[in-house]
Ligand SMILES: [Fe+2]
């Protein structure tokens, strides 16, 4: 969301950079320097489970299909190998390998690497979940714009010993948003084809902080809009008006996303769809319910004259009972999962701001691309969050390029209604702040907004124990300094049994 339309100046000046060379190698050209290392895009792990995980790499610069060797060891020196074998890296998947590993013991670290001929990938580290952990440390992140800043915050996550990274969208950006100093340029037009999107994802993986993060920690990912194009929902382009052209673009973008993420092979479904809503069970401590708020969503209300997200006023369609954010199938899945919740903490990892946000434009104004544009769908979601089986529901989100700690009310139409859940929204990892015209004064206009910061990029560090969830909003000191560090911007807690922020 939140487009700015100035073009990046000086992009051509960076055209000879190593980043552009890395992008090219996965398209038509072959840069010999990188073709020599088929594992130039690194390694990754994801989908953690008590008995396994998914391991990923993408072999680049090859002709045709490949089979990669792999080793998984209990030690970093690979003296104690627990699994080894071969995995397909098909040309039709851009050389990507998605290896689903099961049957390992719980609560252990593992080290892994891939082979092809004489080439060996870097070593990755991951872990199986403990069966019944007493504590859990997660990082919540979104919105990493290549041109807007270095990805320094990932170094902080590694240093903090994060067990899993929840990346809830805008992993890549398809376009430039210029209005200030940029640290580097895409060096390529906006992607449209599969090769274009592959090159954009490959460019991202040449960032040493992002590559190191993937090698160090499992990622749990779900896309938002910029993995395809700004503010699209379902079959409706946010930018591309022609439906056929949009669907062609979306198919290419989704496949490239799958090819670069440590997702299960089964996540890629027929017709090019991606199955991204799913659950992660950290024993009785926490369940993370990951949602997909893009793929099944109905079009933004009152968007017939202008596409995508916008401030709408007096728009009756925000109350349309047939409008949906999750789609009927995912709504039922979420409700059924919460109805049989056994964990003390129910974390709902989704893309955007869930709470009501009164805007300066007036009491009838809504930003149509957030849950505020889908009032009935939000009411249904709150009904699921307040099932008697749910002890502590915390909605996690991103997208809005600013930090928010919100109380979720039983009924946002009644400001005095009781607090039933909590919301943590992370700022962008690397991008510009959210729009001041919408967010300035937000806490004064919205009593359920307990903390708001629209001045910093960073991520949210979440520490869970049965009695408490501690939130540490980690702000990156500078987006333009590659040696930037993170500092604590705000620390707040949610006590078990007492929803909302003190
Ligand atoms: Fe974003």
- Condition met for residue 146 (under 25 Å from residue 222 (Cβ atoms), more than 16 Å from the ligand (Cβ to nearest atom) and in a loop (DSSP other than H, G, I, E, B)): no
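Could you tell me which residue of region 151-179 is surrounded by the most Cβ atoms within 10 Å (Cβ to Cβ), considering only residues that are within 16 Å of the ligand (Cβ to nearest atom) and farther than 23 Å from residue 48 by Cα?
151
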- Message: If residue 265 meets every condition in (1) touching a residue at least 40 places away in the same chain (Cβ under 8 Å); (2) under 17 Å from residue 167 (Cα atoms); (3) in contact with a strand residue (DSSP E or B) (Cβ under 7 Å, 6 or more places away or on another chain) apart from one, which number is that one?
- Response: (2)
- Examine region 430-442 for a residue that is assigned to a strand (DSSP E or B), away from the ligand (no atom under 16 Å from the Cβ) and modelled with pLDDT of 95 or more, and state whether such a residue exists. no
- Query: When you go through 479, 469 one by one, which is the residue that is within 16 Å of the ligand (Cβ to nearest atom), within 22 Å of the chain's Cα centre (by Cα), crowded, with 20+ Cβ neighbours inside 10 Å and at pLDDT 95 or above?
  - Reply: 479
- Taking the residues in region 216-273 that are modelled with pLDDT of 95 or more and on the phi > 0 side of the Ramachandran plot as candidates, determine which candidate is surrounded by the most Cβ atoms within 10 Å (Cβ to Cβ). 231
- Does region 185-199 contain at least one residue that is surrounded by fewer than 20 Cβ atoms within 10 Å (Cβ to Cβ), touching a strand residue (DSSP E or B) at 6+ places or on another chain (Cβ under 9 Å) and in the same structural domain as residue 483 (by TED's automatic domain parsing)? no
- Answer yes or no: is there a residue in region 216-234 that is part of a loop (DSSP other than H, G, I, E, B), more than 16 Å from the ligand (Cβ to nearest atom), in contact with a strand residue (DSSP E or B) (Cβ under 8 Å, 6 or more places away or on another chain) and touching a residue at least 24 places away in the same chain (Cβ under 8 Å). yes
- If you go through region 83-102, how many residues are under 21 Å from the mean Cα position of the chain (by Cα) and farther than 12 Å from residue 54 by Cα? 1
- Note on the structure: residue 424 meets each of (1) in a loop (DSSP other than H, G, I, E, B); (2) under 24 Å from residue 498 (Cα atoms); (3) in contact with a strand residue (DSSP E or B) (Cβ under 6 Å, 6 or more places away or on another chain) with one exception, condition (1)
- Residue match in region 66-77 (condition: on the phi > 0 side of the Ramachandran plot and in contact (Cβ under 8 Å) with a residue 12 or more places away in the chain): no
- Message: When you scan region 297-306, do you find a residue that is crowded, with 21+ Cβ neighbours inside 10 Å, at pLDDT 95 or above and touching a helix residue (DSSP H, G or I) at 6+ places or on another chain (Cβ under 6 Å), even just one?
- Response: yes
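The values are calculated or read from the model by the stated rules, or taken from the named source; none is laboratory data. Keep in mind the model is a prediction, meaning the values are calculated, not measured. Note that we place each Cβ from the backbone using ideal geometry, even for glycine, and neighbour counts take in every protein chain shown.
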